[in-house]
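Novice: I am attaching a structure below and will ask some questions about it afterwards.
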Amino acid sequence: MNRPVLPGATIGVLGSGQLGRMFAIAARRMGYRVHTYSPEEDTPTGQVSDVEWSGDYEDLDKVAQFARAVSVVTFEFENVPAATAATAERFAPVRPAGSVLHTTQQRAREKTFLTQAGLPVTPFRVVRSLSDLHRAISELGAPAVLKTADFGYDGKGQVRIDSPAGAEAAWTRLATAEAVLEAFIDFECEVSVVAARGVDGAFVHYGVVENRHSRHILDVTIAPAVVGAAIVKQAVEIARAVLEKLEVVGVLCVEFFLTRSGELLINELAPRPHNSGHFSFDACVTSQFEQQLRAVCGLPLGVTTQMMPAVMANLLGDIWAEGEPDWAAACSVPGVKLHLYGKLAARPGRKMGHLTALAPDGGAALEAVLAARRALTAR
Ligand code: AMP
C-alpha cells in the first residue's frame, strides 16, 4: 500500500489556485502528470495541468471519476468539503488525509485540538450566541478578535472588538452560527514554520520566517527571520509536534505570533504549501512544492537547505489599477524573480503573483524586492 507513486504516474489536485499551479510545475518537472479538480475553468492550476476537471466539489460522482483517474490525490485548498475528500479516499490515497482537513478547516476544532495536544495557542473561547460572546469578553478581556469558525482566511470573517459595548455589533456583523473569540495579541512579529512529513514519518522544515501583513493579507516574508536560536528551536519543535500528532503526510504551515515577552502562540495551521513558503521555490534546494510532491508520492523527502537569504513580496490585484504593471522594470532589479499565477481578472486584494529577491543578506533582499515592486507601478 505504501509503494511510492513514481514519475510517469498521475497526481490529482483538489483546488485550482496558485498553490496547485506551483505544485503542478514541480510535479511536471519531475515527469508526473497532473489532473486538477475545481468548479472553475482556465484556472492557475488547470493552465499547467494535463487535464483540468471542472465540477462542483459536491458532485461526488464526478469526484469519484476524478479519483479513479489518478494514483494519489492531494489538495491545495483546505475548504474542500469533508464528503469530497471521503469520496476520493475510496479510490485513491488522499494525502494529507481527510481527517487532517477536518481538524484544520474549522477554527474551533483546530484550536481545541492544539490545546488538547498541549501546544500553545492564542487564548480563545468558542462562541455560539451573543451571551456566549459577552461571557467570553469578560473572561478574555478587550480588545479581542471575533472570527468565524468556518471558511475564514486573510482576515475575512473577522471583527475586532475594542470594548464590551462593541459585542452586539460584532456578533451581528459576523452573522455566523459559531465563532471563536481570541484575545488580541500585541505581538512583536508574526513568524511561521513550513514543514513536511513523509509517509515513513520523516520530518523536514524550512526554518522560521517572518511574515509582515498589510490589510490582514500577507505582504512580505523574510527568510530566515531575524530571531534567536531558542525561538527557532522552539518553533520547529512545535511544528514537528503538530505534524506528528495530526499524522500529516505532506506539507503543513504553522503560523505564530511572537509576543513581546518572547512567547510563541499558534495563530493557525494550513495543511498545505503556504504563501510564507513561496521563497523556497527559488531559494531552497527542494521547494515546498516539490516537498509536497515527494511526501504525497511516498518518495524520500528532499534537503531543505536555503541557498541564499530571500524576501518574498506578494503582488495583489491593486497594482493593475493604472493598467498593466511594468514587468520589465521589476525584472531589471538584480536577484529578483517574477512569479505570475495566470489569473484572468485582477481584483483589489486578490493574490496575482509574487516577487522573490535573493541576496547575500536579508536587508539587501528586502530592499531589492521592495524596489522591484515599486518599479511595477512607477510609470
Ligand atoms: P488570520 O486570518 O486569523 O490569520 O488573521 C489574519 C491576520 O490578522 C493575522 O496574520 C494578524 O496579523 C491579525 N490577527 C489575527 N488574529 C489576531 C489576534 N488574536 N491578535 C492580533 N492580531 C491578530
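Novice: For region 271-379, which fully contained strands (runs of 3 or more DSSP E) count at least 3 residues that are closer than 16 Å to Leu19 by Cβ, modelled with pLDDT of 95 or more and not aliphatic (A, V, I, L, M)?
Specialist: Working: elements: 310-316, 336-340, 351-358.
Result: 351-358.
Novice: Within region 199-219, identify whether any single residue is more than 16 Å from the ligand (Cβ to nearest atom) and at positive phi, and answer yes or no.
Specialist: yes
Novice: Tell me which residues, restricted to region 25-76, are of a type in the set (A, V, I, L, M), within 20 Å of the chain's Cα centre (by Cα) and in a strand (DSSP E or B).
Specialist: Val73
Novice: Then there is this: What is the one condition in (1) more than 30 Å from Gln288 (Cβ to Cβ); (2) polar (S, T, N, Q); (3) surrounded by 17 or more Cβ atoms within 10 Å (Cβ to Cβ); (4) modelled with pLDDT of 95 or more that Ser192 does not satisfy?
Specialist: The number of the failed condition is (1).
Novice: Touching a residue at least 12 places away in the same chain (Cβ under 8 Å), farther than 23 Å from Glu247 by Cα, small (Gly, Ala, Ser) and more than 15 Å from the ligand (Cβ to nearest atom): does that describe Ala196?
Specialist: It is false that Ala196 is touching a residue at least 12 places away in the same chain (Cβ under 8 Å), farther than 23 Å from Glu247 by Cα, small (Gly, Ala, Ser) and more than 15 Å from the ligand (Cβ to nearest atom).
Novice: Tell me which of these Lys233 doesn't satisfy, since it passes every other one: (1) in contact with a strand residue (DSSP E or B) (Cβ under 8 Å, 6 or more places away or on another chain); (2) more than 25 Å from Ala183 (Cβ to Cβ).
Specialist: Among (1) in contact with a strand residue (DSSP E or B) (Cβ under 8 Å, 6 or more places away or on another chain); (2) more than 25 Å from Ala183 (Cβ to Cβ), Lys233 violates only (1).
Novice: Quick one: would you say Thr103 is touching a residue at least 24 places away in the same chain (Cβ under 8 Å), part of a loop (DSSP other than H, G, I, E, B) and among the polar types (S, T, N, Q)?
Specialist: Details: touching a residue at least 24 places away in the same chain (Cβ under 8 Å): yes; part of a loop (DSSP other than H, G, I, E, B): no; among the polar types (S, T, N, Q): yes.
No; evaluated as a whole, the condition is false for this residue.
Novice: Does region 291-310 hold any residues that are buried (at least 18 other Cβ atoms within 10 Å of the Cβ) and hydroxyl-bearing (Ser, Thr, Tyr), and which are they?
Specialist: Thr304
Novice: Looking only at region 106-128, filter to residues that are among the aliphatic types (A, V, I, L, M) and either without any contact (Cβ under 8 Å) to a residue 24 or more places away in the chain or touching a Lys or Arg at 6+ places or on another chain (Cβ under 7 Å) (or both); which one of those is farthest from Val72 (Cα to Cα)? Lay out the reasoning, then the answer.
Specialist: Filtering region 106-128 for residues among the aliphatic types (A, V, I, L, M) gives 108, 114, 117, 119, 121, 126-127.
The next check asks that each one be either without any contact (Cβ under 8 Å) to a residue 24 or more places away in the chain or touching a Lys or Arg at 6+ places or on another chain (Cβ under 7 Å) (or both); those that pass are 117, 121.
Numbers: Ala117: 29, Val121: 33 Å.
That would be Val121.
Novice: Sort through Ala195, Ala225 and tell me the only one that's part of a strand (DSSP E or B) and within 18 Å of the chain's Cα centre (by Cα).
Specialist: Only one candidate qualifies: Ala195.
Novice: Here is a follow-up. Is one or more of the residues making up region 232-252 farther than 25 Å from Gln105 by Cβ, within 16 Å of the ligand (Cβ to nearest atom) and either among the small types (Gly, Ala, Ser) or free of Cβ contacts under 8 Å to residues at least 24 places away in the same chain (or both)?
Specialist: no
The values are calculated or read from the model by the stated rules, or taken from the named source; none is laboratory data. Source: prediction; values computed, not measured. Don't worry about glycine lacking a Cβ; one is built from the backbone with ideal geometry, like all the others, and counts go over all protein chains shown.
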